[in-house]
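Here's the structure we're looking at; comments come further down.
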Amino acid sequence: MTKLRLTAGPFDFTAQMEETNAPKTCAAFKELLPFRNQVIHVRWSGEAIWVPLGDFKIGVDYENHTSHPSRGDILLYPGGISETEILLAYGSTCFSSKMGQLAGNHFLTVIEGQDNLSELGRLVLWEGAQDILFEKM
């Protein structure tokens with residue numbers, strides 16, 4: 001079971017890769033580590049933050065995909081009707097875009113630091129984009 005350190009804004013989290021249920025997504029994401037970007041608040045999905053990746057292709061299709069992630073679930077939307085993105089749910093979320101409802105690959109789950117997820121969401125909502133880093137532990 002591969003664990004990643006996730007640093008978003010001033011918060012640190014530990015996330016576990018869902019290698020059994022999303023092996024191709026996990027393998028592709030591992031190739032990108034360490035992964036640095038910025039996270040912004042979602043516009044249509046509820047209580048979640050996201051990393052917009054535009055036309056970036058990670059080279060995977062749907063696996064272990066959902067439109068209703070639980071708090072602490074991290075999804076990768078591989079692109080298609082909307083841009084490629086990573087979504088982190090910090091509360092009630094129905095994953096969607098201006099094109100309609102989406103489903104993303106649930107490939108990471110926050111297992112430590114969950115108490116700070118809501119505060120991270122509020123920070124991003126009220127103070128704007130925050131740096132985010134995914135790295136192997």
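No value in this document is a laboratory result; all are computed from the given coordinates. None of these values were measured; they are calculated from a predicted model. Heads up, the Cβs are rebuilt from the backbone with ideal geometry, glycines too, and the neighbour counts pull from every protein chain shown.
Projected onto the charge dipole of the chain (+1 at Lys/Arg Cβ, -1 at Asp/Glu Cβ, origin at the Cα centre), which of Gln114, Gly79, Trp126 gives the Cα projection farthest towards the positive end?
Gly79
Indicate the gyration tensor shape class of the stretch 31-80 (rounded, prolate or oblate), computed on the Cα atoms with a ≥ b ≥ c the square roots of the eigenvalues: a/c under 1.5 is rounded; otherwise a/b larger than b/c is prolate and the rest oblate.
oblate
Which whole-number percent gives the relative contact order of the stretch 42-137, counting Cα pairs below 8 Å spaced six or more residues apart?
Across the stretch 42-137, relative contact order equals 31 percent.
Project the alpha carbons of the chain onto their principal axes and report the range along each, largest first, in whole Å.
36, 33, 23
For the stretch 3-69, report the convex hull volume of the alpha-carbon atoms normalised per residue, in Å³, without decimals.
Dividing the Cα hull volume of the stretch 3-69 by its residue count gives 119 Å³.
Where Rh is the Kirkwood radius over the Cα pairs of the stretch 90-137, the temperature 25 °C and the viscosity 0.890 mPa s, what D in µm²/s does Stokes-Einstein return?
Value of D from the Cα-based Kirkwood radius: 186 µm²/s.
Report the extension gain between Leu125 and Arg43 in nm, rounded to one decimal, defined as 0.36 nm multiplied by the number of residues separating them, less their alpha carbon distance.
That works out to 28.5 nm of additional length.
If we count every other residue with Cβ under 15 angstrom of Phe11's Cβ, Lys/Arg +1 and Asp/Glu -1, where does the sum land?
Residues near Phe11 contribute -4 overall.
Under a point-charge model restricted to the Cβ atoms of Lys and Arg (+1) and Asp and Glu (-1), what is the dipole moment magnitude of the stretch 49-137 relative to its Cα centre, in debye to the nearest 20?
For the stretch 49-137, the charge dipole is close to 200 debye.
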